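Since every read-out is calculated from the coordinates, none of them should be taken as a lab result. This structure is a prediction, so every number in the text was calculated from the model and none was measured. In this analysis, Cβ positions are derived from the backbone assuming ideal geometry, glycine residues included, and neighbour counts consider all displayed protein chains.
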C-alpha cells in the first residue's frame, strides 16, 4: 500500500520533470523550451513596431515559470534522488542483494530514457557541477570522520597502492591499448600514444564515491576498508598530474625527459601543496572555533565553509582539491571537537552525512541519465580491450605491490586481503567527468573514450559491486567488529604507547613511536594551547575520553526515561562497594537521613529537574540556551574540584562516629557512585550556608545551574555552589536539620509561585528516583 | 673485561639466539647498545637507564626501568627485583617486544600473547601477589596522567574506579552487595585485553627488521 502510493507520487514527479528539461543543461538551451511556458507580462502586447498598449483585465493568476526555473529544477532533481533512496529501502529484498548505487544508475537510465522518449535532451553530468558541488561533500564527510590512527599506521601501504599502483595501472592500460589500436588498424589507427596514456590515467584511478557506496554496505574489517578507501582518496594527486601532463602535451604529440621530470616535481607540489593548503584552513577553522562559545549556532557553518574554501583554494592553483579537503578535515577535527558544543557536533555529523548522501545519489542518477544522453561511439575492440586490461592491470598491480609491501609490514596482507583489495577497485563518476572535460577538437576519439569508460564503470559497479558481498561472505573475510571502546582499552592503549616509546629510547632507536610521542608532546605543549579554548586545552586524552563516555551514558540515561532501563555501557551489576576494600570508619561517614527527609529531598530535586526541562523547551535562535549536557563542562570540573577541596577541609573538622550501612544498592546508586569517591559522598552536607533552593528566573540558565540534571549520575544528593539560577544544597546532617525545616517550606512555596507551573502530579514517578 | 668483550662470541650469541629468538645480527646490535648504556661494564644498573635523555619525559619511566630489573620477567621463575642485570637478562626483557614471525601456529601465537600480557601484568602488579588491586590500578592511572598537570586526584580515582568496575563486571558478572572483588587476576586481565591483538601491537620494529644492512654500518 505504502509502496503503491510511493510509486504513484514518483510517476507524477517524473512526469513533471520531462517537459522541463534538465537542471544541468545550460539555461540557454532551456529558454528555448521554456519560452513556451513563460508568459510575458500580459499587459504589454507588442504589435509590430509600435508599442501599443491594450488594457487587459488584471491578472489574478498567472503562470511564470521562467524566473524560478533553475532552482525549481534543481530542487526537483534532489527530490527525485531522495525519493528514490527512500523507495529502495521500502522494497525489502532488493536492497539486500543489489547495492544502492546500481539501483540508482538503473533509475537514472530509466529517467534518461523517458526524457529521450519525450524528445527532449536529457541533461548530462556537467563536470563543473560535479567537481564543485557534488564531490566536495562526499570527500569532506570521508575526511572529517577518517580514523586517523589506522590511516597513519597503514600510510606506507596506502601510499604505495595509491601512487605506484595508479602509475602502473595507467601505463599498463595506456600502453597496451595503444598496442591494440595499432594492431587493429583501420578504425583505431588514429588514436595516438599520448591519448591512450591519457585515457589510461583517467580510467585507472579508483573512485572514492563508488568505493564508499559499496564498501559501506558490506561492513568489511577496518584494515581493508582503510586501505582501499585511503588509496581512492590519495590517488587523486597522481590522477591530476597525469591528466594535466598528457592533456597538455597530447596536442603537441611529444613528451621529453624534462617533461617527465617536471611531472614528478609537479606531483610533489600538487600533493604536498594540497595538504598544506588544507592544513592551513584546518588550523584557521580550529582557531576560529575557539571563540565561538557565545555564538554556538553558527559553529557548524565555520567547519563547512573553511573546508569548502580549502577545496576551492587548492583548485585555484590546480593542486589536489581532494587532498586539501581531507587534510583540512583531519587537522581541524580534534581541536574543533574540543571547542564546539555537543549539539554542533551532532549538527555537523548529520549535515555532512545528509549532503554526502544526496550528492552520492545524484551522482549515480546522473551517471545513468548521461549514459542515455551522451554521444556514444561504440567500438567493440576498444571497449572490450579496455575492460580486460583494467581488470588484469588491477590484479597484477595489487599482487605485485603486496609482495613488496609485505616485506615491511608486521601484519601481512593475506591473499584473501589482496583479492578484496583488487576486487574493490571500483571506477566511478570522477573518471567520467574527467573524460567529459576533454576538448573534442583535440581529442576526436572522445566519444569512444566516453563509451569505454561508461562500460567499465557499469561493469565495476554492477558486477563487482553486486558480487562483492556474497564473495566476502564466501571467503569468510573478517568483518568489522562492533565493539565499544572501553575505558580499560583506552588506559592500556595509552600505557602501551608510552611503554613502547620508552623501550625504543632504551634501545637507542628512533622508531615511529618516538616520533609520534614527540609530535604528541609538541601538540600538547604549543598547539593545543592556541587552538582549544579554556581549560579543555590541558585536558589529557584519557580524561577527555572518560568524560565523553560519562556524558554519553548520562544522555542515554535521561533518554531512556530516567533510570528504569540502563544502558549497559558500564556495568550496573557491580557497584563500588564490591571493589572498595572495607575500610575503617572515619572516612565513610554518611549523614543520617530519615526516610521522610530523603523522600522530601528527592521530591524537591525531581521537581526542580522537571522545571528545568520545561524552561529549556522554548528558545529561539538568539537565546539558544546552553544545553545542560554539554556546555560549561570544564567550568563544572573546576567547580567540582573546588567543592571537593572545600569538603575535605570540612571533613577534617568534623567527626562522625556512626557508620551507617550504605543504602541498598540500586543500579542508579551504582552509577551514582561510579565517578565519585565514596569517601567524598558522605561529606557534602556540611557547609556553612543553610540549605537553599533558589530559583532565579531573570537570568538565563547558566550551565552550572542545571548541573542538577547532569549530576545525577555522579553524586547523590550533593549540592553544588552556583552563582545563579537553580541551586540546591542537601540539608545538613541531623542535628541542624530540624531548625531549617521551616525555612525550606516557604522557599519551596516561593518557588512554586514564581516559576513555571509546577510539574503535574502524574509526572512525578515515585518508582524512578533519578537521585538516590 | 668479561667474556662478552672479546670477539663476538658466536657460541654465546647462538645460545642466546635460541633462547630469545633474535637473530645474531640483532643480538650484536643490542649488545652494542648494552655496552653503550652500561659504559662498557658487564652489568647494567638502574642509574644507567635513568641517564637516558629521552626517557625523561615519559610518564611511566620508573615502571619501565623497574621492569628490566624484575626477576619475574627473566623467565626463570624468580621473584623480587635485582639491582643489576647482565646482557642476558637485558636481552630476555627485550625479547618480549619481538613481533610474531610470519608463519607461526595458532598455539605459538597464543603463547606469545600470554607472555606479552604477562609482562604487562607484572608491570602493574607491583607487590607480586598475583592480582592488580584497586590501589595499584589507581597508581597506574595516576602515573599516566602525571604529566598532564593537575586535574585532581578525584578524576583519576574516578577513571580507575570505572575501569575496575568494568573489569569486574566483565570477568565476574553480577555480584551481591557484600561480595568483594579482590583485584584483577591474570586470567581476567587476559579477558579484558582479548580483542586488542597484543602480539602485533606490542613490538618494536627495530627488533624485527632484517638488520643486516644496519649491522654492516655499525658492527664494522
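Worth a mention:
- Prolate/oblate/rounded label for the stretch A:171-279 (Cα gyration tensor, a/c 1.5): oblate
- For the stretch A:409-552, a/c is not less than 1.5, where a ≥ b ≥ c are the root eigenvalues of the C-alpha gyration tensor, and a/b tops b/c. That puts it in the prolate class.
- Over all Cα atoms in the stretch B:101-202, the spread is summed up by Rg and Dmax: 15.5, 49 Å.
- Three-way shape call for the stretch A:347-480 based on the alpha-carbon gyration tensor, with the a/c threshold at 1.5: oblate
- For A:505, A:517, A:497, order by how many other beta-carbon atoms lie within 10 Å, fewest first: A:497, A:517, A:505
- Backbone N atoms of the stretch A:282-312 closer than 13 Å to the 7 Å Cα→Cβ label point of residue A:530 belong to residues A:282-288.
- Treating r as the C-beta distance of residue A:381 and residue A:463 and R0 as 22 Å, the FRET efficiency rounds to 0.60.
- Taking label positions 7 Å along the Cα-Cβ direction at both residue A:541 and residue A:184, the computed distance is 5.4 nm, reported to one decimal.
- With Cα atoms as the point set, the radius of gyration and Dmax of the stretch A:199-355 evaluate to 18.3, 60 Å.
- In this simple spin-label approximation, residue A:268 and residue A:160 carry label points 7 Å from Cα along the Cα→Cβ vector, and these lie 2.2 nm apart.
- The protection proxy used here, the mean number of other Cβ atoms lying within 10 Å of each residue, ranks peptides B:38-46, A:305-313 as follows, highest first: A:305-313, B:38-46.
- Ascending count of other beta-carbon atoms within 10 Å, so fewest first, for B:33, B:14: B:14, B:33
- Distance in nm between pseudo-label sites at residue B:39 and residue A:150 (7 Å out along the Cβ direction from Cα): 5.0 nm
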